[in-house]
Amino acid sequence: MSRFVLEICGLTKAYGDALAVENLDIAVAPGEILGLLGPNGAGKTTTIRMVTGLLAPSSGSARVFGHDCYRERPQVMRHVGYLPDEPTFHDYLRGSEVLQFVAEMHGLDRTSRAARIGALVERLDLGEALDDFAVHYSKGMRKRLALACALLHGPQLLILDEPTNGL
């Protein structure tokens, strides 16, 4: 296993002749915090999408705990909590159902599920909105629900894309 939580080597993403990310190298050790800063169009979200396995790199690699982020996405996502810039949820699920679904997808047993959901609902002040359909949530409430989803399985690596937007 790698000594790094996240290791990016020569990561590049091209769209035709346009380079969104070019030859990026980053290594993040356990306990370290990394922030990607730059203007719109600098490649921050593209980099995050490659690290979460949602987008194939044109060249180079991104690895989480030694697993290739694109080729071994299921293994990677066991370790990762991901908060997208614009979280979306199924129109006909209530906030409580979204949390239950995500907990089940991560294989949490009923006892763990209830305890983790309860703690996150309290910490993120989601209680009153849990019975509402997520499609009716404000942008800030959707962001908090998505953060709860990202934290639910106790990830070792948390990836946040524009975490303060809408809050």
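GNM on the chain, C-alpha springs below 10 Å: top fluctuator among T47, T111, T12?
Evaluated over the chain, the most mobile residue of the options is T111.
Please state the equivalent ellipsoid semi-axes for segment 6-78: what are the square roots of 5 times the Cα gyration tensor eigenvalues, largest first, in whole Å?
Taking √(5λ) for each Cα gyration eigenvalue gives 19, 15, 10 Å.
Neighbouring Cβ atoms within 10 Å as the yardstick, rank D161, D25, D68 fewest first.
Least crowded to most crowded, the residues run D25, D68, D161.
What percent does the relative contact order of the chain come to when contacts are Cα pairs within less than 8 Å and at least six residues apart? Could the numbers behind the result be given before it?
Numbers: 271 pairs, mean separation 38.3, N = 167.
With pairs under 8 Å counted, the relative contact order is 23 percent.
Kindly provide the pair-distance distribution of segment 95-160 built from C-alpha pairs, with 5 Å bins from 0 and whole-percent values in order of increasing distance.
4, 19, 32, 25, 16, 5, 0
State, in angstrom, two size descriptors of the chain derived from its alpha carbons: Rg to one decimal place and Dmax to the nearest whole number.
Cα-based Rg and Dmax for the chain come out at 16.8, 52 Å.
Can you give the helix-only mean residue ellipticity at 222 nm for the chain, where every DSSP H stretch with n ≥ 4 adds -39500 (n - 2.57) and the sum goes over all residues, rounded to the nearest 500 deg cm²/dmol?
My calculation for the chain gives -9500 deg cm²/dmol from helical runs alone.
To the nearest 20 debye, what is the magnitude of the charge dipole of segment 31-167 about its Cα centre, counting +1 on the Cβ of each Lys and Arg and -1 on the Cβ of each Asp and Glu?
Magnitude of the dipole: close to 320 debye.
So what is the relative contact order for segment 6-78, in percent, with contacts set as C-alpha pairs under 8 Å and at least six apart? Before the final figure, lay out the partial values.
Numbers: 123 pairs, mean separation 24.5, N = 73.
Relative contact order comes out at 34 percent.
If we count every other residue with Cβ under 15 angstrom of T164's Cβ, Lys/Arg +1 and Asp/Glu -1, where does the sum land?
+1
Read-outs throughout are calculated quantities, based only on the coordinates presented, and are distinct from any laboratory measurement. Since the structure is predicted, the reported quantities are computational estimates derived from the model, not experimental observations. We place every Cβ from the backbone using ideal geometry, glycine too, and count neighbours over all the protein chains shown.
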